[in-house]
Structure formats: structure tokens, C-alpha cells
Ligand SMILES: [Zn+2]
């Protein structure tokens, strides 16, 4: 695919060709798209066209492009997986299993399992720490959503949030967002998450919540007191507020009801789309976002530069 932004219709047309599917996945998982035998590591093989598999000349084992990926054991064809992934990473407010089912041509139940498996792929497992300016804030998800301002007393908040799931988010300005579902808002837990994810010395912006008190020993900790104002110069948590509203919109609309147990998967999904909506320099195209997701399929995470290089190099 050469154009920057492909629509879903174009993606469907493109992946209708089996060879396009194979080439796209091969380009993302092997250097130069050249298959490597998963059994012996050699790169010399025959292509068995009818079976859409390679046969290794060295060890005589056969393998397909799906081997070692999340698609490996699936009886569903590659085009169905690729279109579902395309939809998942490019629909701003998320997609329902019903939409995927009708677009891809599987049952709603199959679509639900496909999406869960793909969300797992989108999970961020990078071990680098966030740096620069990081907004940190918690939110309450589930139950009846009520828009309450923080200036209400903690008691009122506690009552309003009963039965909701607590989540914490860390947003690196101009970078990525990370989230976690947490059992409570206790100080050791909240601060443990910050210290685990944020480089010492970075600027951390939070609201006046007491759980953040003491972060200034390791960070340039700036506090915006929401009882007084929401923005003071660059000190605000509006980036995260926007992120949470996207999460709530998708959960309230697209994903009619999400069990708390599954919530982290939906957060990962939204965090992936948020993080990869753009780089510091420019907006990403649907194809680039898709390619980044696909590069995670075989556990091979590429950098942005590598992905864009492979996308143009592979001619997809
Ligand atoms: Zn081999």
C-alpha cells in the first residue's frame, strides 16, 4: 500500500489477496520479509504454493507465515485476522465484536475471541521508563458514570465511586500513555507505580490527591489543585482527562459492558491507539499504526523508524 491513509474498504480489498496477507506479515516479522525456518533457523526453502507454506531445504520441516504468531493455532484465515486488527487499531472509539463479525464474516463469539487475542498483542511491554513531563491521574470506571468534580468531599466521592474500578494512568507528553487497574488508591501502591514507570528526576504533574505527597523526593513534582483551578500554565492533567474520556466513551458506547476482569485489555487497546496516533513530529497513517501493531504479533517489536522503513521497503 503506497498511500498514507488507507480506508477500511481498501484494506479489505488489499487483504482479499492471500499473497498480500502473507507478504505483509512476512515483511513485519522477518528481516527483508525473508522467511527464517522456525525449526533450524536456516533461510533456504521451497515455496509450496498450494499449501501456502515453505519447506525448509535444510531440515525438511514445513512452516507457514503464521507460525510463532498469535494466529498460529487459529483455523481462521489470515485475511480475517488482518482486517480485525486493522479495525481495532484504527477505530478511534473502538469496535464491537458485532462490527467485526459482520465485516470479517465470522460469528460474534469468534470475533470476540479474536479481539481479545489482538488486544493482548497491543499490550505495551516496553521496559523503558517515561521521561520529560508526565501527567499522573486516577479515574473510576464502570457503574453509572457521574460527572463529579474533585472539589466534592472525599466522602461524597467514595460513595459515588462505590462499585467502580480504579485505574491509574501515566501520560508522557509527546510520548506514550500507560495504564493499570489498581485495587485501591493507597499511597504505597500509587507511588510504586510512578517510581516503576517514571525516570527519576522527571517532571510529574498530579492533582492534590494525598497519595502523591512525597513524590518530590525523586521528581520535580508539580501539583494542580483541582479545587481551585484546572490549569496553571503547563501544570494540568488535561492530556489524561482527554484519554479517560476516550476510554469512557468507547466503554459506554462500543463496548456495552466490560467485566472489570477484562478492563485492562480495553485500556491497553486505547493506550495503543493513543500512543501511536502520532510521533513527536507528525501524525501516523492508518497503515503505519497497523504495521506497528503487526510487528508485535510475533513478539518482535519494532521502533517507529524501523516500521516506516519496512512499510515502504516491503511495498505494502
Ligand atoms: Zn529448517
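For the range 62-80, name all the residues that are over 13 Å from residue 35 (Cα atoms) and either surrounded by 15 or more Cβ atoms within 10 Å (Cβ to Cβ) or within 16 Å of the ligand (Cβ to nearest atom) (or both).
Those that are over 13 Å from residue 35 (Cα atoms) and either surrounded by 15 or more Cβ atoms within 10 Å (Cβ to Cβ) or within 16 Å of the ligand (Cβ to nearest atom) (or both): 69, 70, 71, 74, 76, 77, 78, 79, 80.
Identify the single condition in (1) surrounded by 13 or more Cβ atoms within 10 Å (Cβ to Cβ); (2) within 31 Å of the chain's Cα centre (by Cα) that residue 34 does not satisfy, given that it satisfies every other one.
(1)
Report the residue count in the range 92-111 for those that are closer than 18 Å to residue 267 by Cα and either within 12 Å of the chain's Cα centre (by Cα) or at pLDDT 90 or above (or both). Spell out how you get there, then give the answer.
To start, the set of residues in the range 92-111 that are closer than 18 Å to residue 267 by Cα comprises 92-97.
From what is left, the residues that are either within 12 Å of the chain's Cα centre (by Cα) or at pLDDT 90 or above (or both) are 92, 94, 97.
Matching residues across the range 92-111 total 3.
Looking for something modelled with pLDDT under 90 and within 14 Å of the ligand (Cβ to nearest atom) - is there at least one such residue anywhere in the range 31-40? Show your work before the answer.
Start the filter on the range 31-40 by keeping residues that are modelled with pLDDT under 90, which leaves 31-33.
Pick out the ones that are also within 14 Å of the ligand (Cβ to nearest atom) and you get none.
Checked against the condition, which is being modelled with pLDDT under 90 and within 14 Å of the ligand (Cβ to nearest atom), the range 31-40 yields no hits at all.
So how many residues does the range 224-245 have that are out of contact with any strand residue (DSSP E or B) (no Cβ under 9 Å at 6 or more places or on another chain) and within 21 Å of residue 296 (Cβ to Cβ)?
0
Conditions: (1) away from the ligand (no atom under 16 Å from the Cβ); (2) modelled with pLDDT of 95 or more. Residue 16 meets all but one. Number of the miss?
Against the list (1) away from the ligand (no atom under 16 Å from the Cβ); (2) modelled with pLDDT of 95 or more, residue 16 comes up short only on (2).
Mind counting the residues in the range 43-56 that are more than 29 Å from residue 116 (Cβ to Cβ), within 13 Å of the ligand (Cβ to nearest atom) and touching a strand residue (DSSP E or B) at 6+ places or on another chain (Cβ under 6 Å)?
Number satisfying all stated conditions: 5.
For residue 128, which of the numbered conditions (1) closer than 30 Å to residue 172 by Cβ; (2) in contact with a helix residue (DSSP H, G or I) (Cβ under 8 Å, 6 or more places away or on another chain); (3) not assigned by TED's automatic domain parsing to the domain that holds residue 226 fails to hold?
For residue 128, the failing item is (2).
Somewhere in the range 134-156, is a residue under 23 Å from the mean Cα position of the chain (by Cα), farther than 19 Å from residue 184 by Cβ, crowded, with 18+ Cβ neighbours inside 10 Å and at pLDDT 95 or above?
Initial filter on the range 134-156 (under 23 Å from the mean Cα position of the chain (by Cα)): 134-142.
Now narrow it down to the ones that are farther than 19 Å from residue 184 by Cβ: 134-135.
Subsequent filtering for residues that are crowded, with 18+ Cβ neighbours inside 10 Å retains 134-135.
In the following step, the residues that additionally are at pLDDT 95 or above were identified as 134-135.
Yes, the conditions are met somewhere in the range 134-156.
Go through (1) free of Cβ contacts under 8 Å to residues at least 24 places away in the same chain; (2) away from the ligand (no atom under 16 Å from the Cβ) and name the single condition residue 8 misses.
(1)
The values are calculated or read from the model by the stated rules, or taken from the named source; none is laboratory data. Since the structure is predicted, the reported quantities are computational estimates derived from the model, not experimental observations. Here the Cβ is made from the backbone with ideal geometry for all residues, glycine too, and neighbour counts use every protein chain on show.
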